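Participant: Here it is, the structure in full.
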Amino acid sequence: DSQNRLHYVYTQNSPSAACANCYHVFYRQSTDNGETWSDPVDLIDTQIGAVKPQILVDKSDNIYLVWETGDGGGLGQLSGDTSVTFAASYDAGKTWTIPVNFPLATDESAKNITIGLDRNNDLVVAWWSLPEDLIMYQTSTDNGRSWSDPLPIPLVWGAAGVYKSNLDDYAMASDSAGNLHLVAVGRVEKAQTDLNILNLVWDG
């Protein structure tokens with residue numbers, strides 16, 4: 001971040017009598033270039049699993065995390081229905097908001113969430129919605145405290161029509177002009193029987 005702190009997020013099994021395979025999201029930071037690290041902070045207070053955490057730090061040192069939530073987490077995979085989750089810290093990692101799930105289009109599943117920052121310093125999240133096989137997105141203009149309604153990215157579909165992997169993920173990155181790039185595996189025709197690597201650009 002702007003103060004040269006390193007921020008680190010990972011998953012680790014947090015077994016209990018009620019759940020032997022419940023991987024939680026943990027956060028740590030270092031102020032000495034990684035030589036020592038703060039004690040781990042467990043960001044999940046329920047008996048449920050998590051995989052694929054992604055972290056983003058903005059220019060004000062706000063920290064944003066997204067991950068996939070469901071049962072399990074071993075081998076980087078969840079079982080059953082899954083949802084997508086967001087949490088934030090507005091004091092450089094000292095305290096964290098209660099994790100919240102993004103609304104699903106149906107009662108089924110959401111996977112592969114990623115987060116980015118656009119040229120207006122607004123947050124953008126995108127994820128895979130099933131069984132519709134759509135790539136959805138939402139934006140926030142207040143640092144993740146509230147979000148727009150979810151909408152599908154037009155003219156693209158996910159990979160479920162060809163295969164349904166538990167290990168895939170999406171990624172976002174901003175270029176020097178402030179365009180936000182989403183990279184995902186999907187299709188440009190609903191009837192396609194093969195897959196593309198898609199680069200989708202959000203310009204604000």
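Participant: Check region 167-174 and report whether any residue there is at pLDDT 95 or above and surrounded by fewer than 14 Cβ atoms within 10 Å (Cβ to Cβ).
Facilitator: Yes, some residue in region 167-174 is at pLDDT 95 or above and surrounded by fewer than 14 Cβ atoms within 10 Å (Cβ to Cβ).
Participant: Could you please find all residues in region 175-197 being surrounded by 14 or more Cβ atoms within 10 Å (Cβ to Cβ) and hydrophobic (A, V, I, L, M, F, W, C)?
Facilitator: Across region 175-197, the qualifying residues are Leu180, Leu182, Val183, Ala184, Val185, Leu195.
Participant: In region 30-66, how many residues are open to solvent by 40 Å² or more (accessible area, probe 1.4 Å), hydrophobic (A, V, I, L, M, F, W, C) and either assigned to a loop (DSSP other than H, G, I, E, B) or modelled with pLDDT under 95 (or both)?
Facilitator: Total meeting the criteria: 2.
Participant: Of the residues Glu132, Glu108, Glu189, which is out of contact with any strand residue (DSSP E or B) (no Cβ under 6 Å at 6 or more places or on another chain), charged (D, E, K, R) and under 15 Å from Ser83 (Cα atoms)? Full working, then the answer.
Facilitator: Numbers: Glu108 fails: out of contact with any strand residue (DSSP E or B) (no Cβ under 6 Å at 6 or more places or on another chain); Glu189 fails: under 15 Å from Ser83 (Cα atoms).
Being out of contact with any strand residue (DSSP E or B) (no Cβ under 6 Å at 6 or more places or on another chain), charged (D, E, K, R) and under 15 Å from Ser83 (Cα atoms) holds for just one of Glu132, Glu108, Glu189, which is Glu132.
Participant: Pairs, please: C-beta under 8 Å, at least 6 apart or cross-chain, first residue in contact (Cβ under 8 Å) with a residue 40 or more places away in the chain and in region 35-61, second outside any strand (DSSP E or B) and of a type in the set (Lys, Arg)?
Facilitator: Asp61/Arg5
Participant: Go over the candidates Ser148, Ser176 one by one and state the one that is of a type in the set (Ser, Thr, Tyr) and over 21 Å from Glu108 (Cα atoms). Even if it seems obvious, please write down each step before you answer.
Facilitator: Values: Ser148 fails: over 21 Å from Glu108 (Cα atoms).
Just a single option satisfies the conditions, and that option is Ser176.
Participant: From the residues in region 67-84 that are without any contact (Cβ under 8 Å) to a residue 60 or more places away in the chain and hydrophobic (A, V, I, L, M, F, W, C), which one is surrounded by the fewest Cβ atoms within 10 Å (Cβ to Cβ)?
Facilitator: Filtering first and then ranking leaves Leu75.
Participant: When you check Trp147 against the structure, is it closer than 19 Å to Leu65 by Cα, aromatic (Phe, Trp, Tyr) and open to solvent by less than 60 Å² (accessible area, probe 1.4 Å), yes or no?
Facilitator: Values: closer than 19 Å to Leu65 by Cα: yes; aromatic (Phe, Trp, Tyr): yes; open to solvent by less than 60 Å² (accessible area, probe 1.4 Å): yes.
Judged against the criteria, Trp147 is a match.
The values are calculated or read from the model by the stated rules, or taken from the named source; none is laboratory data. In this text, all values refer to a predicted model and were calculated from it rather than measured experimentally. Ideal geometry is used to build each Cβ from the backbone, glycine not excepted, and the neighbour counts take in all protein chains shown. Ligands, DNA and RNA are stripped out before the accessible areas are found, and what is left, the full protein with its side chains, is counted by its heavy atoms. Shrake-Rupley method; radii C 1.70, N 1.55, O 1.52, S 1.80 Å.
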